[in-house]
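Here the structure is laid out as structure tokens; the discussion comes afterwards.
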Amino acid sequence: DSATFDFSPYFGRVDLMFIDGSHSLEYALSDTEAAWRMVRPGGLIVWHDYDSRWWPGVTRALNQLQSGDPRFGALRHIANTSLCLQTR
């Protein structure tokens with residue numbers, strides 16, 4: 001369970017993080033925060049399931065982060081896919 005897993009040994013050590021987990025708003029936010037801490041500067045975070053028809057929690061979380069958290073201001077949706085990405 002990513003909400004209880006201890007990711008701290010990986011902080012600052014990951015080049016590419018692919019997030020595809022639970023689809024609730026809370027998990028998407030928590031998984032994103034963990035990913036941000038694990039990915040080193042210059043690394044890439046990729047999210048799966050950005051589609052409000054099927055996964056509204058993921059979509060709401062990423063929209064919320066993109067508009068309200070300066071760390072995620074460069075978060076972008078890849079057109080015609082359910083993927084979003086951002087470099088750290």
Could you figure out which of (1) part of a loop (DSSP other than H, G, I, E, B); (2) out of contact with any Phe, Trp or Tyr (no Cβ under 9 Å at 6 or more places or on another chain); (3) open to solvent by less than 70 Å² (accessible area, probe 1.4 Å) isn't true of residue 49?
-> (2)
Note down all Cβ pairs under 8 Å where the first residue falls in region 15-35 and is polar (S, T, N, Q) and at pLDDT 95 or above, the second is outside any helix (DSSP H, G or I) and surrounded by fewer than 16 Cβ atoms within 10 Å (Cβ to Cβ), and they're at least six residues apart or on different chains.
-> 30/2; 30/3
Restricted to region 54-82, and to residues that are closer than 19 Å to residue 22 by Cα and assigned to a loop (DSSP other than H, G, I, E, B), which residue is most open to solvent (accessible area, probe 1.4 Å)?
-> 54
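The values are calculated or read from the model by the stated rules, or taken from the named source; none is laboratory data. Being a predicted model, the structure only gives us computed values, none of them experimental. In this analysis, Cβ positions are derived from the backbone assuming ideal geometry, glycine residues included, and neighbour counts consider all displayed protein chains. To get the accessible areas, we keep the full protein, side chains included, count just its heavy atoms, and leave off ligands, DNA and RNA. Shrake-Rupley method; radii C 1.70, N 1.55, O 1.52, S 1.80 Å.
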